[in-house]
Amino acid sequence: MQSYPLHSLKEGSWFKLICGASYQHLPVVRSLAVAYSLAGADCIDVAADLAVIAAAQEGITAAKKQLKCENLPDNSPWLMVSVNDGEDPHFRKAKFDATQCPIDCSQPCVKVCPAEAIDLNQGGVLDSLCYGCGRCEPICPQSLITTNSYISCLSEVIPLIKSLGVDAIEIHTQVGHYDDFKRVWRDISPIIGQLKLLAISCTDAPNVIEYLRSLYALISPLSCPLIWQTDGRSMSGDIGRGTTHAAISFAHKVLQAQLPGYIQLAGGTNNYTVSKLKQANMLGKPNGAGKPNLVSGLAYGSYARAILTPTIAQLETALQLNQVKSIKNQPMNQLNLKLEQNRELLEQAVNTAKELVSQIKTANS
Ligand code: SF4
Ligand code: SF4
């Protein structure tokens with residue numbers, strides 16, 4: 001039986017949720033995985049971090065239980081982990097020393113942060129919440145904020161790929177990283193047979209098509225399907241409607257190159273992307289991986305997370321209230337602890353997620 005995510009790729013209706021290559025807030029990752037799994041997502045993309053992978057897996061399993069389809073694992077989204085081969089904005093954390101901040105600073109960094117990752121009372125940036133968007137750095141009038149890049153540690157994840165239930169790996173690369181990509185590929189290639197999918201994410205740059213061709217020559221023949229993730233304007237989908245243009249124009253460029261593999265947009269995707277793609281005649285059934293003349297799907301990151309933030313915040317408030325009750329030795333109301341256990345918030349979250357997922361799911365009908 002063909003799995004549903006693969007079917008979506010072939011039909012041009014693939015939806016991927018990006019939780020964030022650096023995002024490590026476990027309860028939020030879990031809630032996002034529950035809501036988007038129930039809304040019909042084909043893939044949940046998370047950081048290469050054992051705890052984050054476990055949280056997403058728990059969310060997917062909880063969603064399957066809700067659907068009472070534990071015996072139909074092919075209907076659940078694939079779990080993807082994102083890794084990088086070198087410096088990449090998705091793999092960095094902001095930092096500053098809050099003791100250096102002037103007392104009268106109006107704290108524009110706090111206001112601009114989409115992840116509520118800055119808290120001066122807790123020393124500055126909360127590492128697990130920061131996903132590296134970089135918006136805080138230029139806004140600080142004192143130039144106190146810098147970012148630390150890192151390279152994903154694959155050694156922990158690779159031996160556990162199967163037992164962790166990881167279905168796919170995405171390698172983030174950039175033009176000029178060929179030798180670094182080769183190094184990462186050397187680690188991944190021995191376990192490629194255990195994967196259902198490989199994705200390569202790249203941003204636009206001069207000579208990008210030649211670069212992608214060189215990567216394809218390196219990884220082929222490939223035993224699983226391949227996605228080219230055309231990353232337009234990284235981590236910007238929640239900023240406004242205009243951010244979607246860079247993602248579309250880069251996808252168009254890669255489509256013209258007729259590279260073997262599926263093409264999926266990211267970086268600036270939001271509520272406007274599907275309608276813009278329709279206007280550009282870039283949606284439809286791509287007729288398999290050999291003829292990528294249309295895009296196969298979309299990945300949403302900051303926008304998908306932002307639309308669920310109010311609901312998840314309500315869940316956190318409910319949890320805090322429960323903790324207070326438990327301290328007072330009142331019975332703990334388990335019904336508010338997890339998204340799937342709070343019917344009202346679950347429905348709210350799934351309906352919101354469905355509004356986004358259904359855009360690509362119904363685009364070709
Ligand atoms: S604005 Fe972006 S980079 Fe800065 S702390 Fe928030 S998430 Fe991290
Ligand atoms: S904007 Fe700069 S100086 Fe002001 S609170 Fe933020 S980090 Fe401190």
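The values are calculated or read from the model by the stated rules, or taken from the named source; none is laboratory data. Every value quoted in this text rests on a predicted model; they were computed, and no experiment measured them. Methodologically, a virtual Cβ is constructed for each residue, glycine included, from the backbone with ideal geometry; neighbour enumeration extends over all protein chains shown. We work out accessible area using only protein heavy atoms, side chains counted, and drop any ligands, DNA or RNA first. Shrake-Rupley method; radii C 1.70, N 1.55, O 1.52, S 1.80 Å.
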Selection count where residues are at pLDDT 90 or above, surrounded by 21 or more Cβ atoms within 10 Å (Cβ to Cβ) and not in a helix (DSSP H, G or I), scope segment 266-307: 13
Pairing a residue in segment 121-139 that is open to solvent by less than 30 Å² (accessible area, probe 1.4 Å) with any residue that is within 15 Å of ligand 2 (Cβ to nearest atom) and of a type in the set (Asp, Glu), where Cβ atoms lie under 6 Å and the two sit 6 or more apart in sequence or on different chains, gives none
Being open to solvent by 40 Å² or more (accessible area, probe 1.4 Å), in a loop (DSSP other than H, G, I, E, B), more than 22 Å from ALA21 (Cα to Cα) and modelled with pLDDT under 95 is the filter here; which residues of segment 58-102 pass it? LYS68, GLU70, ASN71, LEU72
LYS93 is checked against (1) within 15 Å of ligand 2 (Cβ to nearest atom); (2) farther than 23 Å from GLN174 by Cβ and fails just one. What number does that condition carry? (2)
Kindly check whether there is at least one residue in segment 24-39 that is more than 18 Å from LEU160 (Cβ to Cβ), modelled with pLDDT under 95, open to solvent by 40 Å² or more (accessible area, probe 1.4 Å) and over 14 Å from the mean Cα position of the chain (by Cα). yes
Checking GLY165 against (1) within 16 Å of ligand 2 (Cβ to nearest atom); (2) of a type outside the set (Ser, Thr, Tyr); (3) open to solvent by less than 50 Å² (accessible area, probe 1.4 Å), the condition it does not meet: (1)
Residue check: is SER106 of a type outside the set (A, V, I, L, M), away from ligand 1 (no atom under 14 Å from the Cβ) and free of Cβ contacts under 8 Å to residues at least 24 places away in the same chain? yes
Restricting attention to segment 122-143, which residues are within 11 Å of ligand 2 (Cβ to nearest atom) and either part of a helix (DSSP H, G or I) or in contact with an Asp or Glu (Cβ under 7 Å, 6 or more places away or on another chain) (or both)? GLY124, GLU137, PRO138, ILE139
As an exercise: evaluate ILE200 against (1) at pLDDT below 95; (2) closer than 30 Å to SER249 by Cα; (3) β-branched (Val, Ile, Thr) and give the number of the one condition it does not meet. (1)
Looking only at segment 126-170, filter to residues that are in contact with a helix residue (DSSP H, G or I) (Cβ under 9 Å, 6 or more places away or on another chain), among the charged types (D, E, K, R) and more than 10 Å from ligand 1 (Cβ to nearest atom); which one of those is modelled with the highest pLDDT? ASP167
